[in-house]
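The values are calculated or read from the model by the stated rules, or taken from the named source; none is laboratory data. These numbers were taken from a predicted model, which means no experiment stands behind them. Counting neighbours? That spans all protein chains shown, and the Cβs are built from the backbone with ideal geometry, glycine included.
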Amino acid sequence: MVLCFCGKVVVVKMSWTPLDPGRRFFACPMNDSVCGFIGWLYPLMCVRAKAIIPGLLRNLNSVQERCNELVRSMNMLQEQCNGLIYRNNMLVANVKALKDHNLKLKMYMFGSWFFFVIVSFCIWFV
Ligand SMILES: [Zn+2]
């Protein structure tokens, strides 16, 4: 167990500075402490790792940003899709109402033709 200068148990943090990217170290658990205790957990990184890790982090951030844009686009498309589904449901209801109206008109037409035939039969044969 490692204690910092102010007597607290240290925590492990990760450095994101350009000189030590991804390197873990012990530090005081108090964020605003002035004790300034730092103890490196891992040895110094090689030059190649120091050069590669910042580039990988930039690529990771760029991919994450692109992913966030895609999620926003997907949400917008989902909203548009919901709107289209609502319009489709309204149109389906309108089509059903028109079909019902069409059926009523056909029944009225059949009734009027039937009445016409009966009246014609009565006029000609009675
Ligand atoms: Zn401390």
With (1) modelled with pLDDT under 95; (2) of a type in the set (A, V, I, L, M); (3) away from the ligand (no atom under 16 Å from the Cβ) as the list, and M30 as the residue in question, which single condition is left unmet?
-> (3)
Residue under evaluation V10, criteria (1) surrounded by fewer than 10 Cβ atoms within 10 Å (Cβ to Cβ); (2) within 16 Å of the ligand (Cβ to nearest atom); (3) not charged (D, E, K, R), criterion not met = (1)
